[in-house]
1. Quick one: in the range 118-143, which of the residues that are within 26 Å of Val28 (Cβ to Cβ) and more than 15 Å from the chain's Cα centre (by Cα) is surrounded by the fewest Cβ atoms within 10 Å (Cβ to Cβ)?
2. Give the residues of the range 147-168 that are in a helix (DSSP H, G or I) and of a type in the set (A, V, I, L, M, F, W, C), sorted by residue number.
3. Could you please find all residues in the range 11-31 being at pLDDT below 90 and loosely packed, with under 12 Cβ neighbours inside 10 Å?
4. Please tell me if Glu53 is loosely packed, with under 10 Cβ neighbours inside 10 Å and among the acidic types (Asp, Glu).
5. Tally time: how many residues in the range 65-99 are exposed (fewer than 11 other Cβ atoms within 10 Å of the Cβ) and modelled with pLDDT under 65?
Amino acid sequence: MLKGDEAAFRELIARYRPYILQTISAIVRHQKDAEDLSQEVWTRIYFSLPRYEKRGLKTWMTRIAVNRAIDFKRATSRRKEDSVAGFEEALSSAGPAPPELSVEQEVLIRETTEFVRHKLHQIPANYQDVLLAYYIHQQSYQDIADAQGVTIKTVESKLYRAKMWLRNHWKEEEFR
């Protein structure tokens, strides 16, 4: 197997695929991401086989899967923080309340802004980026697709799912 025996590698995948997928799923907690990462992990395992020291194969493969899943979680967390910061920046760029507003109106605006910030933190990270790009930065589908390295159809789909998530999780009355 260490010498590029593809049949042996396919057997290895057949035997350990469910285990590796379950290991990744336990960390990332999102099935689609876990499936994507699983494919990447198997590629890493294949190219790392020449460096395998013939001790604890399952443990070695698990370590590769866990490390990749943790890296993914960190990157996702950073993207989420960046997206939320972008939302907050966009909210604060509206500037302070005009001077003709009463103290009561200023307090109401401040409370509403805080409420919206709180709600933005609830949006899943994979939806925040497309919502921010489209509605706050007013980017076109093509610009978003280019920036994210995906197709326009993917952007449309993500935006649609993001809107559906908002409809299902936010109540209009909360914003009045």
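1. His118
2. Ala147, Ile152, Val155, Leu159, Ala162, Met164, Trp165, Leu166
3. Across the range 11-31, the qualifying residues are Arg29, Gln31.
4. Against the criterion (loosely packed, with under 10 Cβ neighbours inside 10 Å and among the acidic types (Asp, Glu)), Glu53 qualifies.
5. Number of matching residues: 6.
The values are calculated or read from the model by the stated rules, or taken from the named source; none is laboratory data. Note that the coordinates shown come from a computational prediction; the quantities given were computed from them, not determined experimentally. No Cβ is skipped: glycine too gets one built from the backbone with ideal geometry, and neighbour counts run over all protein chains shown.
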